[in-house]
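A short worksheet on the structure shown next.
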Amino acid sequence: MAGETQNYHETSDPYFQSADFGSTSPLTTSISMVPILRVPATNLMFPAGYWLKPGRRWHIVMMLKCTTVATPGNFTIEIRHQTGTPTDAGGTILATSAATAWTLNKTNLTSVFHAYIESRGDATTFVPTATPLFAYGVFHADGTGALITSPGNPMMLPASAAAAVNVDATLAGSIHIDAKRSGSTAETIVVQDMAVNAMT
C-alpha cells in the first residue's frame, strides 16, 4: 500500500552443511569458531555496500560441541566485522563477552550461540565509511553438563554498555564469531550447525 514500508527476508540460497565444521582450538588470541578458511564458502560473507541500508539485520545461530581439559581458564566470545579476506582475530569487534570461566574436563558438551547484527543510522547523518553496526549475542551452554557454572551461564555479548560500532560499509567482507581463552591450548569448539537469517 502507498506510504507503507515493507521488509522481506532475503531470497539468497541458504548455506547447507553436509557435516560438522572442523574443530578449532581457541588461543590467547581470537580464533574464528568456523575455521577461517571455511568462512568464504558460507553465507557469513557480504558484498560491498551490503550494510549501507539502515535496518538491515542478521541473526546467526550456531549449535556447537565444546571440550575442555585440566586448565581451560577463561573464555571470551566476540562478534567481528571484517572487510576483505577473513582472518582469525581480524577486523573490528562489534560485541564481546566478559572473560568467563569454563569448567575443566568436559567432553563434547552442547552449546547454542545466537548473534544479532543490525545496521543503524539515519539518512541525514549517514556516512557510508562510518556505518554504525549494533551487535549483541548470547552463548547458552548445557546446564546439566556445567560447561559454564552459574552465574556465568549464559554468556552475554556485550557484557555491558552495548553500543553501535562504526565500520566501512562500502567494502565487501564477513561477519565471524571468534573465541579466545586464558588457559591451556587443548580446548576445542566444533560448530555442528549454522544458520544465517538475513532480513532487509
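Quick look at the numbers
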| item | result |
| --- | --- |
| Contour minus Cα-Cα distance for S184 and T103 (0.36 nm per residue) | 27.9 nm |
| Protection-proxy order for peptides 18-27, 175-184, each taking the mean of Cβ atoms within 10 Å per residue, highest first | 175-184, 18-27 |
| Computed log₁₀ I(q)/I(0) - Debye formula, equal Cα scatterers, no solvent, the chain, q 0.08, 0.13, 0.15, 0.17 Å⁻¹ | -0.27, -0.69, -0.90, -1.12 |
| Near-label residues of segment 94-115 by backbone N, under 20 Å of a point 7 Å along Cα→Cβ of A161 | 94-100 |
| Segment 120-200: translational diffusion in µm²/s, Stokes-Einstein, Kirkwood Rh over Cα pairs, 25 °C, 0.890 mPa s | 152 µm²/s |
| Cα Rg over Rh - segment 68-140, Kirkwood | 1.10 |
| Förster radius 45 Å - calculated FRET efficiency between T149 and V127 (Cβ-Cβ, nearest 0.05) | 0.55 |
| In Hz, Karplus ³J(HN,Hα) per residue of segment 82-88 (6.51, -1.76, 1.60; θ = phi - 60°; x = Gly, Pro) | 9, 8, x, 6, x, 9, 4 |
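A short reminder: the numbers here are calculations on the coordinates, not readings from a lab. Model, not experiment: these values are computed from the prediction. No Cβ is skipped: glycine too gets one built from the backbone with ideal geometry, and neighbour counts run over all protein chains shown.
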